[in-house]
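Single-structure report; data block below.
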Amino acid sequence: MREGITIAGNMIMDILYPINGLPKPGELTTILDGITRATGGAVCNVVTDLARLDQSLPLYAIGRVGSDQEGDNILEELRKYENIDTSDVKREGITSFTSVMADTITKQRTFFHYRGANATLDISDFNFSKVYSKIFHIGYILLLDSLDQEDDEYGTKMAKLLHNAQKKGIWTSIDVVSEASDRFRRLVPPAMKYADFCIINEVEAQNSTGILLRDKQGNLLTENIPSALAEMKNMGVSRWAVIHCPEGGFGLDENNKYVNVPSLDLPKDFIKGTVGAGDAFCSGVLYAAHQEKSLFEAIEYGTACAACSLSKPGASDGVLPINEALELYESLK
């Protein structure tokens, strides 16, 4: 019987710069005290969140880091958790890194990314005959250059990889990066065809489906979310299509039942940082899926985990064991 979750994809060193407002082009802003370095990316954030949610859950990391100090630091951080297996992390080149500009006024963040070792992660790095987990999650589409390449049969190499996992009886899950480009409609739909779960934010969902989810004023078009979720299902997502945003979590389950869980009304000064909150939400949903909870419960788990992440500056520092995270969630409802 399969057990555990494999997390694959981006492994990044994040360098966080607190800034006094994001400047317009040609303008200057001040970098404040408190510059920090932390592991980031889908693999580091999600697998660490899951390890903190449940110390008994078998977890496996697949990715690439450089043969450098940053690569050492990433592996050292992951190996602090006894239930994370890093034996399939390969080392070559320069570790991918992101300079994160964290606006202390708006609490928003802007990313400047160097692709590095992540760009070379390819199908040859995966052997699903040796993957014993129940779920295989990979992120981020649009930020894994080799896997984002075209494939004549499946559309993209990413789609072929997901197909290979499904053939072995593994549930597949995907996440997408938020970027300013026109690549979504070309690269995301092929992967959705072989995804059991798709957990993305409203910007990624809008760009992937072509359905408008925010107006020019930035207001969420809640009435359009069911259509976007349905389109994700039409593209091939077989079990849960999930969209998360500051206003709440939304989804269609395996029976196409619509689920809507509002966000928490967090106390003033509760939010200490937003880096990794989306990955934390994803972690909560994946954990619930592994435990075979309902989609409604899964979005509650995701909301609880995201709230924990928001309570600390680092991506995973605030994530609590699942029972404590749910207690926090109930206290903030």
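Nothing in this text is a laboratory measurement; each read-out follows from the coordinates by a stated rule. Treat the numbers as computed from the prediction; the structure is a model and nothing was measured. For neighbour counting, all protein chains shown are included, and Cβ atoms are generated from backbone atoms with ideal geometry for every residue, glycine included.
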- Restricting attention to the stretch 23-44, report how many residues are touching a residue at least 60 places away in the same chain (Cβ under 8 Å), more than 20 Å from S87 (Cβ to Cβ) and within 24 Å of the chain's Cα centre (by Cα). 3
- Item | Every residue from the stretch 45-58 that is without any contact (Cβ under 8 Å) to a residue 60 or more places away in the chain and closer than 22 Å to V275 by Cα | V47, A51
- Query: Within the bounds of the stretch 144-158, is there any residue that is surrounded by 16 or more Cβ atoms within 10 Å (Cβ to Cβ), farther than 20 Å from R37 by Cβ, out of contact with any His (no Cβ under 6 Å at 6 or more places or on another chain) and among the basic types (K, R)?
  - Reply: yes
- Query: Quick check: is even one residue across the stretch 70-77 out of contact with any helix residue (DSSP H, G or I) (no Cβ under 7 Å at 6 or more places or on another chain) and among the hydrophobic types (A, V, I, L, M, F, W, C)?
  - Reply: yes
- Task: Residue by residue through the stretch 45-89, note down the ones that are in contact with an Asp or Glu (Cβ under 8 Å, 6 or more places away or on another chain) and part of a helix (DSSP H, G or I).
- Result: N45, V46, T48, D49
- Which of the residues spanning the stretch 69-112 are touching a residue at least 40 places away in the same chain (Cβ under 8 Å), of a type in the set (V, I, T) and in contact with a Gly (Cβ under 7 Å, 6 or more places away or on another chain)? V89, T95, T98, I105
- Task: Take the stretch 103-146 and flag every residue that is at positive phi and part of a loop (DSSP other than H, G, I, E, B).
- Result: K107, L142
- Please work out if A180 is out of contact with any Lys or Arg (no Cβ under 8 Å at 6 or more places or on another chain) and assigned to a loop (DSSP other than H, G, I, E, B). yes
- Message: Looking only at the stretch 186-214, count every residue that is surrounded by fewer than 24 Cβ atoms within 10 Å (Cβ to Cβ), of a type in the set (D, E, K, R) and farther than 18 Å from S238 by Cα and tell me the total.
- Response: 3
- Query: Does S263 satisfy the condition of being under 30 Å from S56 (Cβ atoms) and either surrounded by fewer than 16 Cβ atoms within 10 Å (Cβ to Cβ) or touching a Leu at 6+ places or on another chain (Cβ under 9 Å) (or both)?
  - Reply: yes
- Of residues in the stretch 1-36 being part of a loop (DSSP other than H, G, I, E, B) and of a type in the set (A, V, I, L, M, F, W, C), the one nearest to I105 (Cα to Cα): L22
- Item | Within the stretch 14-55, considering residues that are out of contact with any helix residue (DSSP H, G or I) (no Cβ under 8 Å at 6 or more places or on another chain) and among the polar types (S, T, N, Q), the one surrounded by the fewest Cβ atoms within 10 Å (Cβ to Cβ) | T30
- Query: Hey, does the stretch 57-73 have a residue that's in contact with a Ser or Thr (Cβ under 6 Å, 6 or more places away or on another chain), β-branched (V, I, T) and over 30 Å from E292 (Cβ atoms)?
  - Reply: yes
- Query: Taking the condition of a type in the set (A, V, I, L, M, F, W, C), exposed (fewer than 14 other Cβ atoms within 10 Å of the Cβ) and under 23 Å from I174 (Cα atoms), does F112 pass?
  - Reply: yes
